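Here the structure is laid out as structure tokens; the discussion comes afterwards.
A short reminder: the numbers here are calculations on the coordinates, not readings from a lab. Bear in mind the structure is a predicted one, so any value in this text is a computation, not a measurement. We place every Cβ from the backbone using ideal geometry, glycine too, and count neighbours over all the protein chains shown.
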Amino acid sequence: MKPFIYILLISAFFVHCKTHLHIPAEYKGDQVIFGKGGGFTGRVNAYSLLDNGNLFSNPGDSLGVKYIGRIKQSKADQIFKTYTDLGLDKQKMNSPGNMYSFIEMHINSEKNKVQWGSNRENPTPEMKQFFTNLMHIVKTMEKSNI
């Protein structure tokens, strides 16, 4: 009888401690959505980083979003702070071209999306570096989940 009680208590502990995972479409906090798209298929590979550090991928197919992992809270805070410190929240750019990259930031229920890929308009060096840093985080997280 005692083993049954121990198993019941341990099970209750794990059920009680389970963290609720917010998906990007339902998340009420700040988030940055970024990725690449276009080409022959028009497929978009998007990623969402929530301000709580959770990172998701959305490969643009019918499979929906996939949880990649979680970055440290301090790193997530730094990313959102850097975005505004660099003035990226004030930039406007809508020049996607055939193949394009994009960053869409949702902060305090305001949205700002920049996309580039055509030769008409080039992103600032800060915007390109910010995008490169985000993609590096994705690659690092995906490698650690293999």
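For the pair Asn133 and Asn94, a Förster radius of 25 Å applied to the C-beta separation gives a FRET efficiency near 0.65, rounded to the nearest 0.05. Quick check: from the Cα gyration tensor, does segment 24-117 come out rounded (a/c under 1.5), prolate or oblate? Oblate, because a/c is 1.5 or more while a/b does not exceed b/c.
Loop-resident chymotrypsin sites (Phe, Trp or Tyr not before Pro) (DSSP state other than H, G, I, E or B) in segment 46-135 with no more than 14 further Cβ atoms inside 10 Å of their Cβ are absent. Annotation for segment 84-146 versus segment 45-81: alpha-carbon center distance of 14 Å.
In straight-distance terms, cross-link reach from Lys92 covers every one of the lysines whose alpha-carbon lies under 19 Å from its own, apart from those fewer than eight places away in the same chain; here that gives Lys36, Lys81, Lys111, Lys113, Lys128. In summary, the aspartates and glutamates within cross-link reach of Lys90, defined as a Cα separation below 14 angstrom excluding same-chain residues under 8 places away, comprise Glu104, Glu110, Glu126. Loop-located trypsin sites (Lys or Arg not before Pro) across segment 31-130 with a Cβ neighbour count of 14 or fewer within 10 Å are Arg43, Lys72, Lys92, Arg120, with loop assigned by DSSP.
Along its first, second and third principal axes, ordered by size, segment 51-95 spans 34, 32, 9 Å in Cα coordinates.
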